[in-house]
Every structure is written in structure tokens, then in C-alpha cells.
Amino acid sequence: MSANLAAWQEILDRFERALDAPADTAPQPLAPPPGPPPHELVERARAVLARQQMRMAELTASQAEIGREIAALRRVPSAHASTPAFLDIEG
């Protein structure tokens, strides 16, 4: 097995583990492989890339939803100290 093939197998394994890991898992440093992906790994690399692109789309959608929620929270009026907390109906 060539060094390039072994390096690409390892990098694709790491990408797949990262995609399967919980979202709060810290990314690990990654050294680029020594050359282009070998022909026998191109389909696997494309499949990993497709999964990464789906994950990025999910994260973008989540980020947009969180942004909408934050914007809605900012529209809620805040309580002011000058505003009475109780209404005196007997008074």
C-alpha cells in the first residue's frame, strides 16, 4: 500500500469519525495528505464530502433559526424600574 493511499484512508476515516461524533466534540488538528486522492478512494471521498456539505447546511439552518430566536427575544420589552410591579385596586 502506498503512503498516499494510507494517508488518504486515515484522513477519510477521521472525517467520517468527526461526522459521526457528537456536535460538541472538539476538532482535531489535521495534516494534509501528501497528494491527490488515489483513484480507488475517489468515490469514498465524494461520499464524505457530500455528508460534510449536508452537515454544513444543517448548521447554517440551525444558525439562522437561532438568529431568529435571538431577534424575537430582543423585541420583548424589558422591565423598567419606573414601571409599577403591582396595581393597587383597593386604594
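Among 69-77, 49-57, 28-36, the peptide with the highest mean count of other Cβ atoms within 10 Å heads the list, and the full ranking is 49-57, 28-36, 69-77. When only the Cβ of Lys, Arg, Asp and Glu is charged (+1, +1, -1, -1), the dipole of the chain relative to its Cα centre reaches about 340 debye. One quarter of the convex hull surface built on the alpha carbon atoms of the chain amounts to 10.4 nm², the projected area averaged over directions. Counting other beta carbons within 10 Å of each Cβ, put 15, 86 in order, fewest first. Arranged by neighbour count, lowest to highest, 15, 86 become 86, 15. Evaluating 6.51 cos²θ - 1.76 cosθ + 1.60 at θ = phi - 60° for every residue in region 33-43, the Karplus couplings come out as x, x, x, x, x, x, 3, 5, 10, 4, 5 Hz, glycine and proline recorded as x. Phi-derived couplings, Karplus 6.51 cos²θ - 1.76 cosθ + 1.60 at θ = phi - 60°, listed residue by residue for region 59-64: 5, 5, 5, 5, 4, 5 Hz, with x used for Gly and Pro.
Every read-out reported here was derived from the displayed coordinates using simple, explicitly stated rules and does not represent laboratory data. Quick caveat, the model's predicted, so the values are computed rather than measured. Don't worry about glycine lacking a Cβ; one is built from the backbone with ideal geometry, like all the others, and counts go over all protein chains shown.
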